[in-house]
Amino acid sequence: MRGKTPTPTTLKIMRGNPGRRPLNRDEPSSPLLKRMPPAPGFLDDEGKRAWSLEGRRLIKAGLLTALDLTMFGTWCIWYSKRDIASRAVNKSGLVIKAGGVGNPYINPYMSVISMCSKAMHQIEIEFGLSPASRTKVKSLNPAQRSLFDALLDDEEEAGS
């Protein structure tokens, strides 16, 4: 896809539709989750902990729907692998020597940490979770959401 990645309509609404362009009323949507479903079997123990803890945080922030679970599961995989690599670096050190002799070099696990962090960051941007993307999101509590839905319904009727 060329050009800037489109912003999901939900994020546009939460940001107050700063561009004032018409919102996509036909965008697929899914209701917000009220509780976290069980972790998928492909996640290891650390991934399952991330699924439960971070998933509850996303639900509380009103950012996780059933349609987002696959992408969130991918984030949990990257989180787990980054954790494993970080533990390996903590154990063996940032700089290591092959067989304890020779020239020192950066621990190869640092590349794994970097790769996982980049992949996680891309997913976090999609959810509006990076520090920069979070500044553009206004959190809506359930009462505000219902008022906003009523406002959108009124605009649709006025346009008809």
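The values are calculated or read from the model by the stated rules, or taken from the named source; none is laboratory data. The structure presented is a predicted model; accordingly, all values stated were derived computationally and were not measured. Here Cβ is always computed from backbone atoms with ideal geometry, including for glycine, and neighbour counts include all displayed protein chains. We work out accessible area using only protein heavy atoms, side chains counted, and drop any ligands, DNA or RNA first. Shrake-Rupley method; radii C 1.70, N 1.55, O 1.52, S 1.80 Å.
Can you tell me which of (1) open to solvent by 80 Å² or more (accessible area, probe 1.4 Å); (2) assigned to a loop (DSSP other than H, G, I, E, B); (3) over 29 Å from SER111 (Cα atoms) is the one ARG2 doesn't meet?
Of the numbered conditions (1) open to solvent by 80 Å² or more (accessible area, probe 1.4 Å); (2) assigned to a loop (DSSP other than H, G, I, E, B); (3) over 29 Å from SER111 (Cα atoms), the odd one out for ARG2 is (3).
TRP78 is checked against (1) in contact (Cβ under 8 Å) with a residue 40 or more places away in the chain; (2) closer than 23 Å to LYS34 by Cα and fails just one. What number does that condition carry?
(2)
Specify the residue that is least open to solvent (accessible area, probe 1.4 Å); the eligible residues are those in the stretch 60-119 that are of a type in the set (A, V, I, L, M) and touching a Phe, Trp or Tyr at 6+ places or on another chain (Cβ under 6 Å).
Restricting attention to the stretch 60-119, the residues satisfying the condition of being of a type in the set (A, V, I, L, M) are 61, 63-64, 66-67, 69, 71, 77, 84-85, 88-89, 94-96, 98, 101, 106, 110, 112-113, 115, 119.
Filter once more, so that each one left must be touching a Phe, Trp or Tyr at 6+ places or on another chain (Cβ under 6 Å): 63, 85, 88-89, 119.
Working: LEU63: 31, ALA85: 1, ALA88: 23, VAL89: 18, ALA119: 25 Å².
The residue in question is ALA85.
Return the residues of the stretch 89-124 that are β-branched (Val, Ile, Thr) and assigned to a helix (DSSP H, G or I); say none if nothing qualifies.
VAL89, VAL112, ILE113, ILE123
In this structure, does THR7 turn out to be under 16 Å from the mean Cα position of the chain (by Cα), surrounded by 12 or more Cβ atoms within 10 Å (Cβ to Cβ), of a type in the set (Ser, Thr, Tyr) and not in a helix (DSSP H, G or I)? Walk me through how you get there before you give the answer.
On the way: under 16 Å from the mean Cα position of the chain (by Cα): yes; surrounded by 12 or more Cβ atoms within 10 Å (Cβ to Cβ): yes; of a type in the set (Ser, Thr, Tyr): yes; not in a helix (DSSP H, G or I): yes.
So THR7 fits the description; yes.
Hey, does the stretch 43-58 have a residue that's of a type outside the set (Phe, Trp, Tyr), in contact with a Leu (Cβ under 6 Å, 6 or more places away or on another chain) and either open to solvent by 40 Å² or more (accessible area, probe 1.4 Å) or closer than 14 Å to PHE127 by Cβ (or both)?
yes
Only one of SER111, SER130 is under 30 Å from THR65 (Cα atoms) and free of Cβ contacts under 8 Å to residues at least 40 places away in the same chain; which? If you could, list the steps in order and put the result at the bottom.
Values: SER111 fails: under 30 Å from THR65 (Cα atoms).
Just a single option satisfies the conditions, and that option is SER130.
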